[in-house]
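Below is one structure, written out as structure tokens, with a few remarks after it.
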Amino acid sequence: MTEPTRSLDPRGLVLPAVLIAAWTLATSLHWVDTRLVVPPAGVLRTAITTVADPSFWQGVLFSLARDLSGFALGGAGGVALGTLLGVSRRADRLIGPTFHTVRQISLFAWLPLLSTWLGYGELSKLVFISLSALYPVALGTFEGVRGVTAAQAEVARVYGFNRRQVLFRLVLPAASPQIATGLTLGLVYAWVATIGSEFLLANWGHGLGNIVIKGRAAFNVELIVFGMLAIGAVGTVLNRVARRLEARALHWRRAAH
């Protein structure tokens, strides 16, 4: 399970402050080519201008919609697949070797095939993001389900539980920490895949990735840097939200102990 969420430690701001100070000093004294390494003030001005443009927020919403849609599909598929492989030895023998082999393929290696089959539109992005989320969720679920001992399952049967009740009252609750960890990782992978798909399946649509692409096309380094920072900021917020939801969802287990 991932670590519980903690309040921000002010000491964590020291390194960013030092880096920004060094960045400012290097550009103001022209130790670097300011056409390539732009001053922080220029990035800030670009950020203010871009954030004031409604199209920026439209891009944020498009990226989040892609991310959460792909995560929902991949997460649901991952829980289902991981549960199947975990509870059924036969399914693990039949499907497991193929799954574990396919997941060794780099996710970004799927992009040429997906773009050939599905083009550069939203469907190819959605499939790619879903695949990215599916793998960690399936693995987390599989490990959690397999961690339920035969003795625990036998006790449930002694109490008259049928297979469905064993699954939903014993197996899945017992596996919930690993499932939650897999879902948290799946959300991280989905966000990386969202931005990657906007870069590599670019069709000049909406999204945070398209901001960086437009900056590169116009040789607008300020816009590129701002786009990178915006991508990191949204990803950080998503990760913190996921950890908080995970902590809330698993509160009952800590209370029980």
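Helix 89-102 and the longest principal axis of the C-alpha atoms of the chain enclose an angle of approximately 20°.
Rounded to the nearest 500, what is the 222 nm mean residue ellipticity of the chain from helices alone, with -39500 (n - 2.57) per DSSP H run of 4+ residues and division by all residues?
Values: 11 runs with 192 residues, N = 257.
For the chain, the value works out to -25000 deg cm²/dmol.
For the chain, modelled as a GNM whose springs connect Cα atoms under 10 angstrom apart, the maximal fluctuation among 116, 184, 83 occurs at 116.
Taking 0.36 nm per residue of separation and subtracting the Cα-Cα distance, full extension of the segment from residue 65 to residue 146 would add 25.9 nm. Look at the dipole of the chain built from charges on Cβ: of 162, 235, 30, the Cα furthest out on the positive end belongs to 162.
If R0 is 41 Å, what FRET efficiency do you get for residue 30 and residue 98 from their C-beta distance, rounded to 0.05?
FRET efficiency, residue 30 to residue 98: 0.10.
May I ask for the angle, rounded to the nearest 10°, between helix 208-217 and the longest principal axis of the chain, with both axes built from Cα atoms and the value confined to 0 to 90°? Around 30 degrees separate the two axes.
The Cα center of the range 67-134 and the Cα center of the range 142-208 differ in position by 13 Å. When 219, 99 are arranged by Cβ crowding within 10 Å, least crowded first, meaning fewest neighbours, the order is 219, 99.
Taking the inverse of the average 1/r across all pairs of different Cα atoms in the range 45-141, what Kirkwood radius in Å do you get?
Values: mean 1/r = 0.0654 Å⁻¹.
Radius from the Kirkwood sum: 15.3 Å.
Across the chain, the longest piece that holds none of the trypsin sites (Lys or Arg not before Pro) lying in DSSP loops with up to 10 other C-beta atoms within 10 Å covers 36-257.
Using only Cα atoms, find the angle between the long axis of helix 221-249 and the longest principal axis of the chain, and express it within 0 to 90 degrees, rounded to the nearest 10. Computed tilt is about 30 degrees. Whole-percent P(r), the range 38-256, all Cα pairs, 10 Å bins from 0: 8, 28, 28, 20, 11, 5, 1. Less than 5 angstrom separates the built amide H of residue 207 from those of 59, all sequence-distant by 5 or more or on a different chain.
A short reminder: the numbers here are calculations on the coordinates, not readings from a lab. Predicted model only: the values in this text are computed from it and were never measured. Using ideal geometry, Cβ is built from the backbone for each residue, glycine included, and neighbour counts are taken over all protein chains shown.
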